[in-house]
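Undergrad: The following block contains the structure, expressed as structure tokens.
The values are calculated or read from the model by the stated rules, or taken from the named source; none is laboratory data. As the structure is a computational prediction, the values presented were derived from the model and not from experiment. No Cβ is skipped: glycine too gets one built from the backbone with ideal geometry, and neighbour counts run over all protein chains shown. Surface areas here come from the heavy atoms of the whole protein model, side chains and all, with no ligands, DNA or RNA. Shrake-Rupley method; radii C 1.70, N 1.55, O 1.52, S 1.80 Å.
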Amino acid sequence: MKKNLKTNLIWLAIIAVVYAILLALIVAGIINAFVAQIITQIGINLIVAVGLNLVIGFTGQFSFGSAGFMAIGAYTSAIVTARMAPTWGSIFLSMLIGAIVAGVVAVIVGYPTLRLKGDYLAIATLGVSEIIRILIMNGGDLTNGAAGLSGIILFTDWGMTFIFAVVIIILILNFINSPSGRATLSVREDEIASESMGVNVTRVKVIAFTLGAMVTAVAGSLYAGFIGTVTPKDFTWMKSVDALIIVVLGGLGSITGTVIAAIILGLLNMFLQDFGAIRMIIYSLVLILVMIFRPGGLLGTWEFKISRFFNKKEKKEAK
């Protein structure tokens, strides 16, 4: 118990120090407005990737539906905030409603689609994502069709994204270490063995899929509050591919890897801004090289844990 408390306090201290450093650099002008925007984009992409990693990396289900659930969160926030007074209460309420709507949709589509596996599941979830986008495109005055919605309150900044990313990562890690999370990992390793031990495989898949969808919807709300406009073309299947690249590059089943990959790719995109047309070629070559030399991703399934340092210290003292 004392060890867990100590570990949590150290993590809180590390998070506080990182936040304080970023804040100091921004206040001092070392990090300008452009770089602050890049940090915000990295945070939003990180949240989407963490939600997707829960489904792909920890549950073993190939989902391609991130863009659709992100669209639900973005449009819900845009619609709700437009009809309420511009307060923090209405903003957080819109994010909550977006997450709930995404969760309900995930449950509805999860039970029939998550019985599929591999490529079939990927195609099914891609279809669901496209259905959501087409419904939004034909939503009439509510969604303003292909033109989308504009004039959204700009409530997202780097600090808000940082806090939400930290909270969501803690939420996902606690879920993974819970009994439901261990059941999820068992399903990933062997569905037949898990079912023979009494695990409700479909239920476990749907829970993880729903939680991932709700997390992605939160990222969509933050995206809407960051850009100020949302259109159906912002949530094509390429949005899902972007999240998938981060997950695969970092390592399936590694939250630490997802964080590192999101930061690396975000900074890489920033530094390649001046390279014009060859930017995507360089970006693609970097990804290809990583996949050749690190096919399991940068970290594989490895997670950084403070407790490892305590164990080493205790073993030395015991000797």
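Undergrad: Could you list, in sequence order, all residues of the stretch 128-156 that are over 25 Å from Gly110 (Cα atoms) and part of a loop (DSSP other than H, G, I, E, B)?
TA: Of the stretch 128-156, the ones over 25 Å from Gly110 (Cα atoms) are 140-142, 144-156.
Within the stretch 128-156, Gly140, Asp141, Leu142, Asn144, Gly148, Ser150, Gly151, Ile152, Ile153, Leu154, Phe155, Thr156 meet the criteria.
Undergrad: Just checking, does the stretch 53-75 include any residue being of a type outside the set (Gly, Ala, Ser), surrounded by fewer than 18 Cβ atoms within 10 Å (Cβ to Cβ) and out of contact with any Leu (no Cβ under 9 Å at 6 or more places or on another chain)?
TA: Taking the stretch 53-75 first, the residues of a type outside the set (Gly, Ala, Ser) are 53-56, 58-59, 61-62, 64, 69-70, 72, 75.
The next check asks that each one be surrounded by fewer than 18 Cβ atoms within 10 Å (Cβ to Cβ); those that pass are none.
The answer is no; no qualifying residue exists.
Undergrad: Which one is surrounded by the most Cβ atoms within 10 Å (Cβ to Cβ) among residues in the stretch 137-184 that are farther than 30 Å from Glu303 by Cα and among the polar types (S, T, N, Q)?
TA: Checked the stretch 137-184; the qualifying residue surrounded by the most Cβ atoms within 10 Å (Cβ to Cβ) is Thr143.
Undergrad: Could you list all residues from the stretch 110-126 that are under 29 Å from Phe164 (Cα atoms) and either open to solvent by 30 Å² or more (accessible area, probe 1.4 Å) or of a type in the set (Asp, Glu) (or both)?
TA: Answer for the stretch 110-126, where residues must be under 29 Å from Phe164 (Cα atoms) and either open to solvent by 30 Å² or more (accessible area, probe 1.4 Å) or of a type in the set (Asp, Glu) (or both): Tyr111, Leu126.
Undergrad: Same structure again: Just give me the residues in the stretch 95-108 being in contact (Cβ under 8 Å) with a residue 24 or more places away in the chain and either crowded, with 18+ Cβ neighbours inside 10 Å or under 20 Å from Thr59 (Cα atoms) (or both), in sequence order.
TA: Scanning the stretch 95-108 gives Met95, Gly98, Ala99, Val101, Ala102, Gly103, Val105, Ala106, Val107.
Undergrad: Please report, ordered by residue number, the helices (runs of 4 or more DSSP H) entirely within the stretch 169-231 with at least 3 residues that are under 25 Å from Ser94 (Cα atoms) and either at pLDDT below 95 or not basic (Lys, Arg) (or both).
TA: Passing ranges, in order: 201-227.
Undergrad: Going through the stretch 255-305 one residue at a time, which ones are aromatic (Phe, Trp, Tyr) and at pLDDT below 80?
TA: Phe275, Tyr283, Trp302, Phe304
Undergrad: Criterion first (in a helix (DSSP H, G or I), surrounded by fewer than 16 Cβ atoms within 10 Å (Cβ to Cβ) and of a type in the set (A, V, I, L, M)) does Val247 satisfy it?
TA: Working: in a helix (DSSP H, G or I): yes; surrounded by fewer than 16 Cβ atoms within 10 Å (Cβ to Cβ): no; of a type in the set (A, V, I, L, M): yes.
Spelling it out, it is not the case that Val247 is in a helix (DSSP H, G or I), surrounded by fewer than 16 Cβ atoms within 10 Å (Cβ to Cβ) and of a type in the set (A, V, I, L, M).
Undergrad: Given the residues Ile264, Ile255, which is the only one that is farther than 23 Å from Ala122 by Cβ and either open to solvent by 40 Å² or more (accessible area, probe 1.4 Å) or not hydroxyl-bearing (Ser, Thr, Tyr) (or both)?
TA: Ile264
Undergrad: Regarding Pro86, is this residue touching a residue at least 60 places away in the same chain (Cβ under 8 Å) and open to solvent by 60 Å² or more (accessible area, probe 1.4 Å)?
TA: The answer is yes for Pro86.
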